[in-house]
Amino acid sequence: MNLDFSPEETAFREEVRAFIAENYPKHLTGSGLRDDMPPEDLVAWHKILGEKGWSVPAWPTEYGGTGWTPTQRYIWSEENAAVNAIMPLPFGTSMVGPVIYSFGNDAQKEQHLPGIRSGNVWWCQGYSEPGAGSDLASLQTTAVRDGDHYVINGQKTWTTLAQHADWGFFLCRTDPDAAKPQQGISFILIDMKTPGIEVRPIKLIDGGYEVNETWLTDVRVPVENLIGEENMGWTYAKFLLAHERSGIAGVARSKRAVEQLRDIARKELLDDKPLMEDFDFARKVSQLDIDLSALEITELRTLAGEEAGRGPGPESSVLKIKGTEIQQRLTELTLEAVGHYGTPYYRDVPDAGSNEYPIGPEYAQHSAASYFNMRKTSIYGGSNEIQRNIISKMILGL
């Protein structure tokens with residue numbers, strides 16, 4: 001694999017860098033994604049990219065994709081990570097969008113894809129249930145046919161940002177008597193304003209609010225909102241999860257985080273010397289960097305396979321496992337580097353000019369919160385234990 005950028009790719013990087021510098025919202029520069037942000041800030045960059053035609057670079061060009069090569073998409077991710085940009089939320093662009101253009105009918109594509117591209121329609125995911133997380137096929141939410149509608153009853157949980165969602169994609173059981181639980185599930189699009197839907201907040205221990213319980217009580221949904229064939233939803237769900245897991249890897253952002261970690265370790269002292277000069281700590285950072293480089297090559301191979309017409313397969317499980325493990329190790333080493341400065345917790349860091357001052361350097365202010373929050377990454381999108389089962393079956397043939 002040739003890892004050198006061609007002159008055309010270098011020119012593309014300069015074009016992307018200039019566009020981001022000129023158009024990324026100035027008030028969001030460097031802020032990163034936070035659960036307490038106003039909804040309009042979460043989608044501000046998405047809407048700008050939608051106007052430019054760059055919001056869904058991985059989509060086929062016939063549905064609004066950019067036609068970029070894998071290397072160009074890689075460059076795009078790197079340049080956005082460099083400024084900690086708030087990227088389009090994945091529920092529409094990376095999850096349900098590819099399902100709709102791959103398995104939906106023409107009417108569904110015409111209705112939903114433009115709003116996903118533009119960022120004007122917000123989506124949420126209705127997969128997990130209180131008794132069905134990694135064992136998703138055991139879900140109990142039902143969709144019973146009643147004329148030209150489905151009547152849906154059940155409960156979903158961990159519905160991220162559902163409080164803002166216009167639409168949701170839900171897995172529902174349409175055949176309770178199927179021979180295998182996976183065979184009786186359907187993939188249904190639901191307008192979140194439909195009567196009978198109640199979104200209840202799950203307040204996190206830090207006071208944050210990003211996830212919800214979603215209750216569905218006699219929710220009537222038109223049959224035309226069914227994606228593909230009835231009882232084939234498990235096939236579409238697996239397709240979606242492969243796309244989700246590839247995105248979870250977060251290589252570009254982890255590369256940026258490693259550099260930030262090095263900067264912190266050069267400033268923090270251990271026995272009157274920079275922490276980065278400590279052999280044991282430097283060894284852990286170097287090992288992290290090596291693992292990240294290997295993951296980066298794997299991601300590039302996956303992108304190249306997609307360009308050749310091969311959708312993300314079981315290799316997405318490799319990306320998910322290693323990507324999330326690296327993210328967790330990064331936050332762990334960052335917390336180790338800042339030491340006792342990571343102890344104070346700030347829900348809201350004081351604004352510039354405030355009479356309140358945080359304890360310790362700015363880079364330490366969210367280190368503990370990030371460490372604890374990132375424990376979830378090895379669970380969502382299919383737990384890493386489940387991903388290892390997929391690898392053993394699909395790659396190793398065990």
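The values are calculated or read from the model by the stated rules, or taken from the named source; none is laboratory data. Note that the structure is a prediction, hence the values are computed from the model and not measured. When we count neighbours, we look across all protein chains shown, and the Cβ atoms used for this are built from the backbone with ideal geometry, even at glycine. We work out accessible area using only protein heavy atoms, side chains counted, and drop any ligands, DNA or RNA first. Shrake-Rupley method; radii C 1.70, N 1.55, O 1.52, S 1.80 Å.
Could you list, ordered by first residue, the pairs with Cβ atoms under 9 Å in which the first is in segment 340-365 and in the same structural domain as residue 268 (by the TED database) and open to solvent by 100 Å² or more (accessible area, probe 1.4 Å) and the second is at pLDDT 60 or above and of a type in the set (Asp, Glu), at least 6 apart or interchain?
345/206; 348/36
Looking at the structure I just gave you, is residue 324 under 18 Å from residue 242 (Cα atoms), in contact (Cβ under 8 Å) with a residue 24 or more places away in the chain, in contact with an Asp or Glu (Cβ under 8 Å, 6 or more places away or on another chain) and assigned to a helix (DSSP H, G or I)?
No, not satisfied.
Within the set of pairs 6 or more residues apart or between chains, which connect a residue that is in contact (Cβ under 8 Å) with a residue 40 or more places away in the chain and over 17 Å from residue 319 (Cβ atoms) inside segment 275-298 to a residue that is open to solvent by less than 60 Å² (accessible area, probe 1.4 Å) and basic (Lys, Arg) with Cβ atoms less than 7 Å apart?
That search, which allows pairs on different chains as well, returns 285/262.
From the list 305, 313, 360, 309, which residue is within 30 Å of residue 204 (Cβ to Cβ), modelled with pLDDT under 95 and not polar (S, T, N, Q)?
Exactly one residue qualifies, and that residue is 360.
Which residue out of 86, 116 is outside any helix (DSSP H, G or I) and either in contact with a Ser or Thr (Cβ under 8 Å, 6 or more places away or on another chain) or free of Cβ contacts under 8 Å to residues at least 40 places away in the same chain (or both)?
Every option except 86 fails the conditions.
Please state which one of 267, 238 is within 30 Å of residue 179 (Cβ to Cβ) and of a type in the set (D, E, K, R). Reasoning before the result, please.
Numbers: 267 fails: within 30 Å of residue 179 (Cβ to Cβ).
Going through 267, 238 in turn, the sole match is 238.
Looking at this structure, is residue 236 within 19 Å of the chain's Cα centre (by Cα) and over 23 Å from residue 366 (Cβ atoms)? Spell out the reasoning first.
Working: within 19 Å of the chain's Cα centre (by Cα): yes; over 23 Å from residue 366 (Cβ atoms): yes.
Yes, satisfied.
Provide a single number: the residues in segment 208-245 that are touching a Lys or Arg at 6+ places or on another chain (Cβ under 9 Å), assigned to a strand (DSSP E or B) and open to solvent by 20 Å² or more (accessible area, probe 1.4 Å).
Looking only at that region, the number is 2.
Kindly indicate whether residue 121 is in a helix (DSSP H, G or I) and either open to solvent by less than 10 Å² (accessible area, probe 1.4 Å) or not polar (S, T, N, Q) (or both). Reasoning before the result, please.
On the way: in a helix (DSSP H, G or I): no; either open to solvent by less than 10 Å² (accessible area, probe 1.4 Å) or not polar (S, T, N, Q) (or both): yes.
No, not satisfied.
Which of the residues belonging to segment 80-115 are hydrophobic (A, V, I, L, M, F, W, C), closer than 24 Å to residue 27 by Cα and open to solvent by less than 10 Å² (accessible area, probe 1.4 Å)?
81, 85, 86
Among the residues of segment 211-226, is any within 23 Å of the chain's Cα centre (by Cα) and within 22 Å of residue 59 (Cβ to Cβ)?
Scanning segment 211-226 turns up no residue that is within 23 Å of the chain's Cα centre (by Cα) and within 22 Å of residue 59 (Cβ to Cβ).
Pick from 255, 320: which is among the charged types (D, E, K, R) and open to solvent by 40 Å² or more (accessible area, probe 1.4 Å)?
When all the criteria are applied, what remains is 255.
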